[in-house]
Amino acid sequence: MAVKVYIPTPLRPYTDRKDAVEVSGSDVGEVLQQLVSSHPQLKSHLFTAEGKLRSFVNVYLNDEDIRYTGAEKTPVKPSDTLSIVPSIAGGSPASACCCSRC
Amino acid sequence: MATTAEPVSVNLSNDEIMRYSRHLIIPEVGIEGQRKLKAARVLMIGAGGLGAPVALYLAAAGVGTLGVVDYDTVDFTNLQRQVIHGTGDVGRLKLESARNTITEINPNVKVVGYAEKLTSENALQIFKDYDLVVDGTDNFPTRYLVNDACVLTGIPNVYASIFRFEGQASVLALPDGPCYRCWYPEPPPPGLVPSCAEGGVLGVLPGIMGTLQAMETIKLILGIGQPLKNRVMLFDALQMKFRELKLRKNPDCPVCGTHPTIKHLIDYQEFCGMRAVEEAQPVPEIAGMKQITALELKDEIDAGKPLVIVDVREPNEYQICRIPNSILIPLGELPKRAHELSPEQDIVVHCKMGGRSAQALDYLQKSGFKKVRNLEGGILAWSDEVDPSVPKY
Ligand SMILES: [Zn+2]
């Protein structure tokens, strides 16, 4: 069964600029795994090398933070929406840039 | 906080009563509310994109004391969104430019300026004179510093941040409410923060998010309505949608939890992994990287040397300016388009400032390209040293 996953602006380069994608799975973990297998470039942005969800990426099932609902084991229903909400900071290269000179 | 029902000793002049009449006739504000606004002391961190509308509206609303922390000067790239500054302010301290505009809007407002960087050393000293903090910072070290200083001093933090077409806002560090660390325990490492090729912000967006901050600030001062507490508002301008998410106080939060481990301000540059970045080589260190300066490149072009100039920026950047006869292969497309280049060619890669092109050089060298050089300082150096008609952005 498919749920809608909202992709935030900073991660849209890795989903062909789509702001939402339909992904199937029975719990949050499966949905996220399915998401990164269809959009492999997302993987390093969402998961650490050990496969743990990164601490600066918050995942919400509907309006609830999954950290408080059973994390990746939280079951999903077809009407649910999953939101990836990373921390964001401004739009100026000087402060938000990956390297000091790009 | 001076936001409760304690009697407010300030009085309004007849001129002020006239000025604020549209507030005074709202029962939820009235004379008492307007006095609370006049007595209120609000500290704004940053007089940039978010700080501009916050300052304009708080000044117009009659907030008595506005502290502004900003050591930056106005430049031309600010004017697209930082509406408190004008063209004639370019080169001035943002703080002084903001002070002028605020005073022009409402001379009753006392502006207290701090032309310094907010640091772990000065934050608590500055914060102690204020009732509320409005966080308009655009970087993670200051974001965490403001958060921790608000929690430690018990001052609420009216927070917003923006990226391209998207914004987030919340009121943090209220009594029994969550803080930024409850939400995001750690900042992203610098390498995973979007690069300048992916940055930018539509100028109206900070206007929308900043006015939300101004509204929440005024509600807190007046003690009316429901503050944006225990929830965060997400705004997507392209969809024109607001979405509300729950935000919970984390009992294990290192700064506001039941057993805090952070009891005084820390080194936020280090916490955000910035120390290593700042001290690193200006260009990512790449084995065997050969550089070429803009002037040397110009000489080689003029001497007729066969060169392939590869611009690895994004197409929208290429439309702004380009080096003559360069070909555009955005960094992200390089792996699938490298076959358009020949390993025997003399190649010069460039981007805006030299960072992305260093990555391109690294990729090409590892793919067997032997004669690749990086244009030091990118197209900005070309504009500075060779052709000033090339616009900078
Ligand atoms: Zn907290």
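The values are calculated or read from the model by the stated rules, or taken from the named source; none is laboratory data. Computed from a predicted model, the values in this text were never measured in an experiment. Cβ atoms come from the backbone with ideal geometry, glycine included; neighbour counts cover every protein chain shown. The protein model used for the area step is the full one, side chains on, heavy atoms only, and it has no ligands, DNA or RNA in it. Shrake-Rupley method; radii C 1.70, N 1.55, O 1.52, S 1.80 Å.
What the table shows:
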item: B:Ile286 vs. criteria surrounded by 14 or more Cβ atoms within 10 Å (Cβ to Cβ), within 14 Å of another protein chain (Cβ to nearest Cβ) and assigned to a loop (DSSP other than H, G, I, E, B); result: yes
item: Hits in segment B:247-274 - residues which are free of Cβ contacts under 8 Å to residues at least 40 places away in the same chain and not in a loop (DSSP other than H, G, I, E, B); result: B:Glu270
item: Leading residue by the ranking (nearest to the ligand (Cβ to nearest atom)) among those in segment B:237-256 that are under 17 Å from A:Val59 (Cβ atoms) and open to solvent by less than 60 Å² (accessible area, probe 1.4 Å); result: B:Asn250
item: Which numbered condition B:Gly62 fails, given (1) surrounded by 14 or more Cβ atoms within 10 Å (Cβ to Cβ); (2) among the small types (Gly, Ala, Ser); (3) modelled with pLDDT under 95; result: (3)
item: Residue within segment B:254-272 that is of a type outside the set (A, V, I, L, M, F, W, C), within 14 Å of chain A (Cβ to nearest Cβ) and more than 25 Å from B:Pro175 (Cβ to Cβ) present; result: yes
item: Some residue of segment B:224-236 being in the same structural domain as B:Arg81 (by TED's automatic domain parsing), more than 16 Å from the ligand (Cβ to nearest atom), open to solvent by less than 10 Å² (accessible area, probe 1.4 Å) and within 24 Å of A:Lys18 (Cβ to Cβ); result: yes
item: Contacts under 7 angstrom Cβ, first residue in segment B:122-137 being open to solvent by 10 Å² or more (accessible area, probe 1.4 Å), partner among the polar types (S, T, N, Q), 6 or more apart; result: B:Leu124/B:Thr153; B:Lys128/B:Thr153; B:Asp131/B:Thr3
item: Helices (runs of 4 or more DSSP H) contained entirely in segment B:1-111, each with at least 3 residues that are charged (D, E, K, R); result: B:14-19, B:30-39, B:94-105
item: Pairs, first more than 8 Å from chain B (Cβ to nearest Cβ) in segment A:35-62, second of a type in the set (Phe, Trp, Tyr) and assigned to a helix (DSSP H, G or I), C-beta under 7 Å, six or more apart; result: A:His39/A:Tyr14; A:Gln41/A:Tyr14; A:Leu42/A:Tyr14
item: All positions within segment B:135-193 that are within 14 Å of the ligand (Cβ to nearest atom), of a type in the set (A, V, I, L, M, F, W, C) and touching a Cys at 6+ places or on another chain (Cβ under 8 Å); result: B:Cys150, B:Val151, B:Leu172, B:Ala173, B:Cys179, B:Cys182
item: Flag for B:Gly199 being assigned by TED's automatic domain parsing to the domain that holds B:Asp135 and either crowded, with 22+ Cβ neighbours inside 10 Å or farther than 16 Å from B:Tyr144 by Cα (or both); result: yes
